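Read-outs throughout are calculated quantities, based only on the coordinates presented, and are distinct from any laboratory measurement. None of these values were measured; they are calculated from a predicted model. All Cβ positions, glycine included, derive from the backbone under ideal geometry; neighbour counts span all protein chains shown.
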Amino acid sequence: MGRFVHSCEAVRAFLLLILSIGVAMGSESLVQWVSPHSLRAESEAPVALLPFPRAVKWGKEVRDLPPPPCWELVANPACAQVLQSGEGAMLLTAYHSFLRSLYHHRPLATDRPIALSLFLENVPNLSAGAEREGYRLVVDARGVRISAPQPGGLFNALQTLRQLVLPGRRKLPCCEITDWPAFSVRGFHHDCGRNFQTIESLKRQLDLASRLKVNYFHWHLADDPAWHVQCKAYPQLNDPRYRTRDKNDTYSYDEIRDLLRYARDRHITIIPELDMPGHSDYFVRAFGFPMHSEQGTQVLEKLIDEFCSEVPVELCPTLHFGADEVSVPHAKEFVERISRKIEANGRKPMQWEGPWDLPVAGGSIAQRWVQGKNAQDAASVKSPTIDSSIGYSNLFEPALLVRRWFFMRPCGAEKGDALHLGAIFCTWPDIRVEDKSRIPLHSPMWPGLCAMAERAWNGAAVEGDALTVALPPPDSEAGRAFQLFEKRLATLGRTMFKNEHFPYWGESCCVWKVTHPTPDADAEATRKLVLAGKAPGVLHEVFGSSLYFRTRSATWNLGMFPEARPGVRVWAWTDVTVEEEGDYPFMIGFDAPTRSNRQYTGIPRPGEWSQCGTRIWVNGEEMRNPRRYEHAGESRIAEPTWHTVEEEHPIRDEEIWWAQPPTLIHLKKGSNRIIVEQPYTDAFQSWQISLIKL
């Protein structure tokens, strides 16, 4: 699923036709996106809650957390019994994590206690089927009372309680919250088969994800470079000679069990993936025969038996076996045989579902993955399905990634059921990564995960795909909802994610005028009109600091002009008003390489904004790019780099525009017009403009 196969042109053409119709309608279409929760309650919220609760009433009072700090944990008999069990570790982990976030390991005193009451009991007004994770939370003068039908709901409420603390003030606003998730699966995925991640790094990711009420981690453990799982039956799978990356890195079974327990204590279930029979070059190197052969399949069955014998079923009820992007003889027989082996070990099988994958076995959970316009029609789902098609963090740049997850519906459904399970947000750093800490920066993992967590928790009544390439007007309900969401993202970026890479900047209130694509032959005449302040024909009013005209084929050519072809260009202009003359910081970018196949128009040459001929004017004066690039003019890559030397060359920060420091633009007092000319030169170019005032 990290790879994107460039084939099936008929399918792509059909989807592009659908997309062109939807985009032509744009935000003026009949799509009337509505928020699943009260925007008034969100606008009145004194803190940034994410996901935002289903129902909340804000009180007028604020409860102090008095020094010296002390909390008294009170539980009704049903909850007290759980606290003494293994499941109670999850609640105690959340409780002590909450205390540490408040007091930073200071000793707790015993006077002036604040009561935190945990009650396992029925909760009125919960949606049907929400008993597993729904809850009610009340903060008032008596303390904090949390009630839920099951421990998962208590855990979720404790995460909300942690977010309720006013930043830097040790105060809790009085409120009543009733909340539950729309979908049972709200997951994130990390590819550790191509780029090994340490257990310590994964634990940090689990900590943060659990605070967003993410409850699944899809752990991709094997891919072409290596099998990173300890193997007792076939030690050659751990031999560095057969690996091409991270040659000495292997997850021992002790480490795997440790991470699964760590996740369980944070209300997260791990789904390990042992990809077969595709993405298995290491296997052929180690054995001399492919996985789908009879010899290979027998080896796979022993590998599954060993893994399941080492990993308890209560920690790992689901095992993913990939089956993606590969064609083999007797495909149906292969997937049925593997799925039966997994079921014989007491696990639920899971596999990818896409046009280039093996068929989904009868008892498997399907995970849809093809990127592009959201075609996840709820009626098309015939087996239990998880949606990963909305956006990979390694394919999209920050703004479009967040927009897609915010406005679109998992599995094409308003809420989950036995077939429409939810969503998993994926990060696939396919290219070799030298510094693994840069993965969440180069692939905007945390902003995207926040958007997924919001939508998979709250659901959506209406599909908003038409709103992702051109934001809705700020005065519409969809526009107001997105503005409020951006404010929450900004707060979380400063607080929860202050020690993480969080490449996202608010952009929803910017308005642009955009010309229709103009042939290059008419560029000079059109440029003169634009610079003279005259409208050259058809204009589009577009909201958002990032404009998408036509993204590259790996993202299915999304954009305002999906029918466009290289050899055209657009002009876009916006007016920026400032109170004082001075130099103002902007994040500016026009293309970035996918972190999957490196396709990219390249690092700009000295003084240039891109290798495509991008030009910028500020108040009528052309502005040259002041940035100095160590590798100026390099990294132009037209073809996918699968299994090439380029794939082993790590991406540099200077290739990723959002990994660069801001660019200063000198603005005069009052209104300033910024004009951007952006040519479309190559099909592998992501044809876009990002110009974000900080």
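Would you mind classifying the stretch 371-525 by shape? Square roots of the alpha carbon gyration tensor eigenvalues, ordered a ≥ b ≥ c; an a/c under 1.5 is rounded, otherwise it is prolate if a/b is larger than b/c and oblate if not. Cα axes put the stretch 371-525 in the rounded bin.
The alpha-carbon of residue 302 sits under 15 angstrom from the alpha-carbons of these aspartates and glutamates, leaving out residues fewer than 8 places away in its chain: 275, 294, 310, 343. Scattering from the stretch 206-295 was approximated by placing one identical point on each alpha carbon and applying the Debye formula without solvent; log10 I(q)/I(0) at 0.14, 0.22, 0.23 1/Å stands at -0.57, -1.04, -1.09.
For a straight C-alpha distance cut-off of 14 angstrom, the aspartates and glutamates reachable from residue 341 (same-chain residues fewer than eight places away being disregarded) are 301, 305, 306, 333.
Eigen-decomposition of the gyration tensor built on the alpha-carbon atoms of the stretch 185-484 gives equivalent ellipsoid semi-axes of 32, 21, 18 angstrom, largest listed first.
Fully extended, how many nm does the chain gain between residue 553 and residue 490 (0.36 nm per residue separation, minus their Cα-Cα distance)?
Values: separation 63, 0.36 × 63 = 22.68 nm, distance 3.07 nm.
Result: 19.6 nm gained on full extension.
Computed from the C-beta positions of residue 583 and residue 531 and an R0 of 22 Å, the FRET efficiency is 0.45 to the nearest 0.05. Each Lys or Arg adds one and each Asp or Glu subtracts one; over the other residues with Cβ under 15 Å from the Cβ of residue 44, this totals +3. At full extension, residue 74 and residue 340 could sit 91.1 nm farther apart than now, given 0.36 nm per residue minus the alpha carbon distance.
Does the stretch 255-403 come out rounded, prolate or oblate, given a ≥ b ≥ c as the square roots of the eigenvalues of its C-alpha gyration tensor, rounded meaning a/c under 1.5 and, failing that, prolate meaning a/b above b/c?
Numbers: a/c = 1.60, a/b = 1.21, b/c = 1.33.
Judged from the Cα gyration tensor, the stretch 255-403 comes out oblate (a/c at least 1.5, b/c at or above a/b).
How high is the FRET efficiency from residue 653 to residue 513, r the C-beta distance, R0 25 Å, rounded to 0.05? Walk me through the intermediate numbers first.
On the way: r = 33 Å, r/R0 = 1.31.
Using R0 = 25 Å, I get an efficiency of 0.15.
Our summary of shape: the Cα atoms of the stretch 100-199 have principal axis extents of 53, 40, 21 Å, ordered from largest down, in whole angstrom. Treating r as the C-beta distance of residue 166 and residue 203 and R0 as 25 Å, the FRET efficiency rounds to 0.35.
Can you pull out the GluC sites (Glu not before Pro) in the stretch 601-694 that DSSP calls coil and that have at most 12 other Cβ atoms within 10 Å? Kindly include the intermediate steps, with their values, before the conclusion.
Values: sites: 608, 621, 622, 630, 634, 646, 647, 648, 654, 655, 677; in loops: 608, 630, 634.
Of the GluC sites (Glu not before Pro), the ones in loops of the stretch 601-694 whose Cβ has at most 12 other Cβ atoms within 10 Å are 630.
With a cut-off of 10 Å between beta carbons, the residues surrounding residue 453 carry a summed charge of +3, where Lys and Arg count +1 and Asp and Glu -1. Quick one: grab the alpha carbon gyration tensor of the stretch 500-693, order the square roots of its eigenvalues as a ≥ b ≥ c, and give me rounded if a/c is under 1.5, else prolate or oblate depending on whether a/b is larger than b/c. In terms of gyration-tensor shape, oblate.
Output needed for the chain: three equivalent-ellipsoid semi-axes, defined as square roots of 5 times the C-alpha gyration tensor eigenvalues, in descending order, whole Å. It would help to have the intermediate numbers written out before the result.
Working: eigenvalues 321, 243, 104 Å².
Those come to 40, 35, 23 Å.
What ranking of 445, 496 emerges when the number of other C-beta atoms within 10 Å of each C-beta is taken as an exposure proxy, fewest first?
Working: 445 26, 496 21.
Going from least to most buried by this count: 496, 445.
Out of 123, 440, 326, whose Cα points farthest toward the positive end of the dipole of the chain (charges: +1 Lys, Arg; -1 Asp, Glu; placed on Cβ)? Most positive-ward Cα: 123.
Across the stretch 500-693, Cα pairs under 8 Å and at least six residues apart give a relative contact order of 32 percent. Here the simple spin-label model places points 7 Å from the Cα toward Cβ, and for residue 84 and residue 128 these points are separated by 3.7 nm.
With the convex hull drawn around the C-alpha atoms of the stretch 351-423, the volume per residue stands at 84 Å³. Counting 0.36 nm for each residue step from residue 642 to residue 96 and taking away their Cα separation leaves a gain of 192.0 nm.
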